[in-house]
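Data first, discussion second: the structure below is written as C-alpha cells.
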Ligand SMILES: [Ca+2]
C-alpha cells in the first residue's frame, strides 16, 4: 500500500503541478503507516548476545541469528528499545517481548512476530528460539488476536543477512609507541626506529577494533610469557616489575569466533 501511494505521488508530479499538492498530502499520510522502521541487519553466525528480563532481572544468552537477535540488531540500528520478560519461561522455554519502541503489550494487544509473511506460516516458537536463514524477513507487529503485519498499527520489518566473521581484530600498540622514550610512564621524545625505550614502569595501551563479532579478549605477553588478560573495559596493562634489557611485548586480540590479530613492540627497558 505504501509503495502504491508513493508511486501515485511520483506520477502526479509528472502529470500536472496542480495535483502535486493533493497527492503529496497523501504521502505525508503514508509516512504514518507501518512499518515505522524497516531496514537490513547483518547477524553474525555462531555468536550470542545477552538480554535481561525486565520483570526478574535474569540475564539470558541468546543466539544472534534468532528472530530476537534480528530485533536486537534492528533496535541498535534504528535507535529504539525493546524489553522482554520471562514470566512464561519455565513453562514454554521462551521469553516474551513486552514492549518495542515504547509501545507496551496492553490487554489483548501485544507484540507478535512473523518470518517471511505471508509466504510462511505464523511461527509457534518464541522469537528467542526461532533460528533465521539468510534472506529471511522478520516482521514484529502490534495488535490483538488475528492481526497481521498488514493490518497492525505498528510494524518493524527486518531484512536479515547472515554473515560469517573470518576477519581478525585489528590491534595497535599505542603506548609505548614506535621509537618512544619514556621516563616513569611519560613520553619524553620520539626517536627514529621501531624500538621503544622505557625507564621505570609503563602503562601499555592498545587500540583494538573488530567489526563483526566484537572483541572477546586481549592478552599481553612479554617474551611469550602471559602477563595480563583483559575481557572488557580499556585495554591497558601496567608493566611494573624489575626488568632490564631488550624484550618483546606482544598483544593478541581475539574476537568472539577466536579469530586473532596481534601487534608487537621491541622495548629496551630499565625498571627496578
Ligand atoms: Ca572479527
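Every number in this text was worked out from the coordinates using simple rules, so none of it is lab data. Note that the structure is predicted; figures quoted are calculated from it, not measured. Positions of Cβ are backbone-derived with ideal geometry, glycine not excepted, and every protein chain shown enters the neighbour counts.
Here are some notes:
- Annotation: extensible slack from residue 109 through residue 124 equals 3.6 nm (criterion: 0.36 nm per residue apart, minus Cα-Cα distance).
- Entry note, segment 34-163: relative contact order of 30 percent, from Cα contacts under 8 Å with a spacing of 6+ residues.
- Cβ-Cβ FRET estimate between residue 150 and residue 92, R0 fixed at 25 Å, reported to 0.05: 0.40
- Residues 237, 111, 268, 124 in ascending order of nearby Cβ atoms (within 10 Å, fewest first): 124, 268, 237, 111.
- Modelled FRET efficiency - R0 25 Å, residue 178 with residue 224, Cβ distances, 0.05 increments: 0.75
- Contour excess over end-to-end distance, with Cα ends at residue 80 and residue 52 and 0.36 nm allotted per residue: 8.5 nm
- Mean shadow area of the chain, taken as a quarter of the surface of its Cα convex hull (nm²): 22.1
- Shape of segment 34-163, Cα gyration tensor, a/c cut at 1.5: rounded
- Cβ-to-Cβ counts within 10 Å put 225, 84 in ascending order as 225, 84, the fewest first.
- At R0 = 51 Å, FRET efficiency that the Cβ-Cβ distance of residue 116 and residue 270 yields, to 0.05: 0.20
- Once C-alpha pairs closer than 8 Å and six or more residues apart are averaged by separation and normalised to the residue number of the chain, the relative contact order reads 14 percent.
- Degrees separating the helix 2-15 axis from the principal Cα axis of the chain, which is the longest one: 80
- Nearest-ten-degree value, helix 67-78 long axis tilted from longest Cα axis of the chain: 80
- Across segment 153-197, C-alpha contacts under 8 Å between residues 6 or more apart give a mean separation that, scaled by the residue count, equals a relative contact order of 28 percent.
- Per-residue Cβ neighbour counts within 10 Å put 61, 97, 266 in the sequence 61, 266, 97, beginning with the fewest.
- Think of it as helices only: each DSSP H run of n ≥ 4 in the chain is worth -39500 (n - 2.57), and spread over all residues that comes to -5000 deg cm²/dmol at 222 nm.
- Note on segment 170-271: Cα Rg divided by 2.2 N^0.38 Å, N the number of residues, gives 1.05.
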